[in-house]
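These notes are about the structure you will find just below.
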Amino acid sequence: MIGADATDKRPHIVIIGAGFAGLKAAKGLKGEKVKITILDRNNYHLFQPLLYQVATATIAPDTIVYPTRALLRGQKNVRFRQTEVIDIDVSKQRVITADGELSYQYLVIAPGSETNFFSLSALAEHSVGLKNIDQAIVIRNRVLDLFELAARESDPAKRRGMLTFVVVGGGPAGVELAGALSELIHTVLVKDYPELNFVETRVVLLEAGQGLLPAMPEKLQRDAAAALRQKGVEVILRGAVADYDGEAVTLKNGEVLLCRTLLWAAGVRASKLIEKLGFGTAGQKRAPVASTLQVEGHPEIFIAGDAAHIEGKKGPLPMTAVVALQSGSHVARNIKHLLHGRKPEPFRFRDLGSMAMIGRHAAVGRLPGANIRGFIPWLLLLAVHLLKLTGIRNRLSLLGNWLWGYLCNDKPVRTTIRGCDSCWKEE
Ligand SMILES: Cc1cc2nc3c(=O)[nH]c(=O)nc-3n(C[C@H](O)[C@H](O)[C@H](O)COP(=O)(O)OP(=O)(O)OC[C@H]3O[C@@H](n4cnc5c(N)ncnc54)[C@H](O)[C@@H]3O)c2cc1C
């Protein structure tokens, strides 16, 4: 049964999405006399900031996912349903899922975001983004498969195409992916493939703008580019992509790069569910919300995380885990206010800065009052990820993988294990 028990008269709160924002909202309502239903298409919570490490064979996929039901154990007023949310009927206060409908008194919409290929349909067809665990595994397998193919390819032009990896997008995700990919190739695969000439390998980072990491101060942007180049990444600024056919990427300036792999980290947009709701969309197709995170005209509906367009002091807040956690927490606080007859409060974002990993011993960070680069932010970022990752087993596994990788200069998860849903034949 997807709907709630009709005999249960407690207010029903439906939360769409068991990501950072949705889970934080649920946890914030612990102990309240309400029934909460969390809906997610997956049965796990994903720690997206470390997807690039799965994609580059550094850590195993199950290190950064955690079963949602296990996370909710011990919270009596919440239940979980794995299902796809298809639509919301706001006039009838009903959520429509692939498995039935649920009514709600309060609704928290936190479905996150997805890769934005803008209107470049050829790119969507031939490249892959890095937004979910399946994509991270596909990227890892693709890189390893192409090295195997290249090892037996006699045509040098074809081989170079196989060994050229283009990452598009100079934001944190693109920078981290390009840096880790270059390290995988030049420190580990170079030992696995003695038959290949590694001069033929290329990792190219294309950024349409003037600098990498646009949210960072200019000095750190330059430091990041220099550190990546030192690690063997070719950084091309003002390198906007015009087209890609799976074999060659064409830049808007006419330059053509032969590459069999294009990894798209150039944009995200709010989940497509948001567009369907009719609340209007702002930048990155996010839904505009009031300062209380409620939807204008629908005080019973809150939006949090990547799906919400929240105005901050210096413009719209970025789509980050920090914003998702803080906004999810605030939504819970405001729902409690409403339940207890109080007025909801405006959300105030606490900016804790931002950091990006470039590779071993290299990171840049904009912290309140200081810009840092090099070893210290690298260590700091590892510590933050370790502390923020869900589950003790996952943390130990992460630490073990990192220590092994660090001490042995290795990226240990170099197996192309693939799932096979079709192996299970339903009777
Ligand atoms: C590669 C990468 C690196 C990143 N690095 C950082 C970083 O270093 N620091 C940082 O602060 N942020 C980082 N981010 C951003 C951060 O991960 C996101 O901002 C954050 O996950 C947003 O949280 P959320 O709860 O809004 O959405 P999500 O965490 O995406 O959760 C949304 C949930 O909703 C579910 N869902 C979506 N649609 C439906 C539907 N129709 N039906 C059912 N379920 C649905 C999804 O399955 C998902 O579980 C990174 C993101 C990526 C992709």
One finds the C-alpha centres of region 61-98 and region 3-18 to be spaced, in Å, by 11 Å
Might you list the cysteines of the chain that have no disulfide-compatible partner by the rule of another cysteine's Cβ under 4.7 Å? Cys259, Cys408
Under the 0.36 nm per residue contour assumption, what length would be gained going from the current alpha-carbon distance of Val384 and Glu101 to full extension? 98.0 nm
How compact and how long is region 384-427, expressed as Rg and Dmax of its alpha-carbon atoms in Å? 15.8, 49
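State the dimensionless ratio Rg/Rh of region 121-265 (Rg: radius of gyration of Cα atoms; Rh: Kirkwood radius). Provide the component values of the computation, followed by the final result.
On the way: Rg = 14.6 Å, Rh = 15.4 Å.
Computed over Cα atoms, the ratio is 0.95.
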For region 351-412, what is the largest minus smallest coordinate of the Cα atoms on each principal axis, given in angstrom and ordered from greatest to least? 35, 26, 12
Under 11 Å from a point 7 Å along the Cα-to-Cβ line of Asp192: which residues of region 35-65 have their amide N that close? 56-58
Please compute, over every Cα-Cα pair in the chain, the percentage with a separation greater than 31 angstrom. 43 percent
Identify the trypsin sites (Lys or Arg not before Pro) of region 38-113 meeting these criteria: DSSP loop state and at most 12 other C-beta atoms within 10 Å of the C-beta. Arg73, Lys76, Lys92
Backbone N under 17 Å from the Asp245 label point (7 Å along Cα→Cβ), restricted to region 113-135: 121-127
Added length on full extension, which subtracts the Cα-Cα distance from 0.36 nm per residue, Glu300 to Ala226: 21.7 nm
Find how much the distance from Ala124 to Lys30 grows on full extension, using 0.36 nm per residue of separation minus their present alpha carbon separation; answer in nm with one decimal. 29.8 nm
Would you list which lysines come within 22 Å of Lys343, measuring only between C-alpha atoms, while excluding same-chain residues fewer than 8 positions from it? Lys24, Lys27, Lys30, Lys33, Lys35
Which of Ala363, Ala307, Ala215 moves the most in a Gaussian network model of the chain with Cα springs under 10 Å? Ala215
On a 0 to 90° scale, report how tilted helix 321-339 is relative to the longest principal axis of the chain, with both axes built from alpha carbons and the result rounded to the nearest 10. 0 degrees
Calculate how many DSSP beta bridges within the chain are antiparallel, expressed in % of all such bridges and rounded to the nearest 5. 50 percent
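Each value in this text was obtained by applying a stated rule to the coordinates, not by laboratory testing. Please read all numbers here as calculations on a predicted model, not as lab measurements. All Cβ positions, glycine included, derive from the backbone under ideal geometry; neighbour counts span all protein chains shown.
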